[in-house]
Amino acid sequence: ANAAREMSVFLDKAVAHMNPCDVNHNASVYLGDLLVTCYSLYSRNRTFGNMLGKGYSVMAAKLELNMVAEGYNASKCIHVTNQRVGAAIPIANTIYQILWEHVPADEGFVQIEKMLI
């Protein structure tokens, strides 16, 4: 619920110039990827995140995974876009800090733990 809500807030701001009727955040193009990432044991993003949660460095996780975890690069794109649009996206900000600013995963999640439902 938190990630879907945050995604919707971000997309509303990022595509504000479009007709709101043209954007359905509940479409599979948005939520499908999110659900697969969260629940599939075969998700590269989930595997990558689990490795980080176990204490792997980003570089070690990338090397061991030996596949592209799209969320890694997407997190940087979201961060850059959000610098322009200014959406309140604490989960995405924390992910960016973990992946790109070397904040340890356990410390990052302590930051957002209080706001999660």
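The sole residue among N93, N73 that is under 19 Å from L34 (Cα atoms), of a type outside the set (A, V, I, L, M) and surrounded by 14 or more Cβ atoms within 10 Å (Cβ to Cβ) is N93.
Of the residues making up segment 89-117, just one is at pLDDT 90 or above, within 14 Å of N2 (Cβ to Cβ) and outside any helix (DSSP H, G or I), namely I89. So, in segment 42-57, exactly how many residues are in a helix (DSSP H, G or I) and surrounded by 16 or more Cβ atoms within 10 Å (Cβ to Cβ)? Residues that pass the stated criteria total 8.
For segment 33-85, a residue qualifies if it is small (G, A, S) and more than 14 Å from the chain's Cα centre (by Cα), and the qualifying residues are S40, G53, G55, S57, A60, A61. Selection of segment 76-88 for residues being farther than 21 Å from L34 by Cα, in a helix (DSSP H, G or I) and not hydrophobic (A, V, I, L, M, F, W, C) yields Q83, R84. Hey, G86 hits all of (1) at negative phi; (2) modelled with pLDDT of 90 or more but one; which does it fall short on? All conditions pass for G86, except number (1).
Of the residues screened, Q111 is not one that is out of contact with any Asp or Glu (no Cβ under 7 Å at 6 or more places or on another chain) and within 21 Å of L11 (Cα to Cα). For segment 29-41, a residue qualifies if it is farther than 16 Å from N73 by Cα and either touching a residue at least 60 places away in the same chain (Cβ under 8 Å) or assigned to a helix (DSSP H, G or I) (or both), and the qualifying residues are V29, Y30, L31, G32, L35, V36, C38, Y39.
The values are calculated or read from the model by the stated rules, or taken from the named source; none is laboratory data. Keep in mind it's a predicted model, so treat the numbers as computed, not measured. A quick note on method: Cβ atoms are made from the backbone with ideal geometry, for glycine too, and the neighbour counts reach across all protein chains shown.
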